[in-house]
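Working notes for the structure below.
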Amino acid sequence: MAALTVWWCYSSGRLLGGWGPLLCLLLCSLVALLMPLVGVEDQCCATLKGIAQLHCQLWGKIQCPAVQSTSLTVSFTALDLLPLRAKPSIETQLEAKAALQQAVEMKKQGKREKAHKLLVHVLNMNPGFVEALTELGTILEEEKDVVQADHLYTKALAISPCNVRALVSRDRSLPLVEELDQRHFGVIDSKVSRMMSIPKGNSALRRVMEETYYYHIYHTVAIEGNTLTLSEIRHIIETRYAVPGKSLQEQNEVIGVDAAMKYINTTLLSRTAAITVNDILEIHRRVLGYADPVEGGRLRTSQVFVGHHIPPHPQDLERHMQELVQWLNSEEALQLHPVESAALTHYKLVYVHPFVDGNGRTSQLLMNLVLMQARYPPITVRKGDVRPFIRFIAKCTEFTLDTLLIATTEHTVGLPGSSHHQACGAANKPPVYNSEGTGVRGA
């Protein structure tokens, strides 16, 4: 950096004549002041990398199409999928590169299992190693795990959109993956049709809806760290009396989720108008209405950091929220399968992270609103990455449908066993919808 400064000073002195020495002195002083901030170097390198990728897209001989995966929002790029992480050291990068070469040799020798394990080790050392991602994806694709292979190709393209091998591989895997997803959606749709044929007054269906309503609230707040048990939550909702010895904050969180679910059922599901930003704010206002009424229904006014993710600046939140609802009500979203649209709605809102608190709960409720508007049962989920997250939502939707269908058979009443439960995560039990199949249980 110092050498670059001296060179610039020499060049500017020749170009600017008498002003050169003065500018050189000012620049050297600035460099001396900023030299301790060595961490800036990585940020500069990242910026230069982004500029290089943009140059490749605009002027390069290789036309770099947008990564063919569902984007986070209408304005986000594939680079937004990448978390901010510490860059591996030079030694680690060299070790990873050597291990990659060794894995390639193993693959050529037919030692595919060892090559697979070594590539996993390489990615543990350097998760952003594009060549290793693509190589492991190729092995997985040859092992018929096209879904995971496609995920690795997508990740590689998010890091390096112009990587030819990743582009070619993704063009090959994407149609196969989409076909598998559509088959799963078809299975779900058939179960929805079976569910809709159940008489509205079916007593078993009413009982399981009653039970799953409390499961939904229990797991929604438990994900946020709430320690109340299922029986305690049921007691709070049914009696509105506090549980002795338990945090009032946690009990107010339960009441807030219950109020938000009733608002969705009695207000939002009974109308045909498009979802608006104000609807999302009203859901959030009820989620925090008892635990933190000051922040409830308000966009955050300060910058927050969520793990490695940096959400948009507060000044940009209104624009991002408008873009979210515009997408949600767009023809593009309407053409998606309801499960896919609901999953992306959840993901987008979590990504924007518009509130100080309650983002996860509000995102789940908004996702379930989208599902219920399409006559699907509401579900409880955890966070995940775009396409795997959509598949996860699909599994949870299918589990919910199985719960309702099994509960209404002649000989079985109740929830499926834990083996079914594992399909969408041990902590995810399905919530309830009303007897018309259109919303959560009302007040």
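The values are calculated or read from the model by the stated rules, or taken from the named source; none is laboratory data. The shown structure was predicted, so the numbers you read here are calculated from the model rather than taken from an experiment. So basically every Cβ, Gly included, is an ideal-geometry build from the backbone, and we count neighbours across all protein chains shown.
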Given (1) closer than 27 Å to residue 253 by Cβ; (2) in contact with a Phe, Trp or Tyr (Cβ under 9 Å, 6 or more places away or on another chain); (3) crowded, with 17+ Cβ neighbours inside 10 Å, residue 292 misses just (2)
Reported set for region 150-166 where residues are over 19 Å from the mean Cα position of the chain (by Cα) and part of a helix (DSSP H, G or I) is 164, 165, 166
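Restricting to region 270-284, name every residue that is surrounded by fewer than 22 Cβ atoms within 10 Å (Cβ to Cβ) and not in a loop (DSSP other than H, G, I, E, B).
Of region 270-284, the ones surrounded by fewer than 22 Cβ atoms within 10 Å (Cβ to Cβ) are 270-279, 281-282.
Passing the criteria: 277, 278, 279, 281, 282.
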For region 147-206 the number of residues that are under 30 Å from residue 375 (Cβ atoms) and of a type in the set (A, V, I, L, M, F, W, C) is 14
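Suppose we filter region 332-343 for residues that are out of contact with any helix residue (DSSP H, G or I) (no Cβ under 7 Å at 6 or more places or on another chain) and either in a helix (DSSP H, G or I) or closer than 9 Å to residue 367 by Cβ (or both); how many remain?
Filtering region 332-343 for residues out of contact with any helix residue (DSSP H, G or I) (no Cβ under 7 Å at 6 or more places or on another chain) gives 332, 334-336.
This time we only want the ones that are either in a helix (DSSP H, G or I) or closer than 9 Å to residue 367 by Cβ (or both), so: 332, 334.
Summing the residues that are out of contact with any helix residue (DSSP H, G or I) (no Cβ under 7 Å at 6 or more places or on another chain) and either in a helix (DSSP H, G or I) or closer than 9 Å to residue 367 by Cβ (or both) in region 332-343 gives 2.
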Across (1) under 24 Å from the mean Cα position of the chain (by Cα); (2) of a type in the set (A, V, I, L, M); (3) in the same structural domain as residue 233 (by the TED database), residue 208 clears everything bar (1)
Out of (1) free of Cβ contacts under 8 Å to residues at least 40 places away in the same chain; (2) under 27 Å from residue 395 (Cα atoms); (3) among the charged types (D, E, K, R); (4) touching a Gly at 6+ places or on another chain (Cβ under 8 Å), the one residue 285 does not meet is (2)
Contact list, first residue from region 343-355 and more than 20 Å from residue 372 (Cα to Cα), second anywhere and surrounded by fewer than 24 Cβ atoms within 10 Å (Cβ to Cβ) and small (Gly, Ala, Ser), beta-carbon distance below 9 Å, six or more apart or interchain, is 355/296; 355/297
Is it the case, given these coordinates, that residue 110 is without any contact (Cβ under 8 Å) to a residue 12 or more places away in the chain and in a loop (DSSP other than H, G, I, E, B)?
yes
Across region 278-332, the tally of residues that are farther than 25 Å from residue 217 by Cβ and among the basic types (Lys, Arg) stands at 1
Filtering region 139-179 down to residues that are of a type in the set (Ser, Thr, Tyr), over 20 Å from residue 108 (Cβ atoms) and in contact (Cβ under 8 Å) with a residue 24 or more places away in the chain yields 154, 160, 173
Just to be sure, is residue 267 among the β-branched types (Val, Ile, Thr), in a loop (DSSP other than H, G, I, E, B) and under 30 Å from residue 402 (Cα atoms)? no
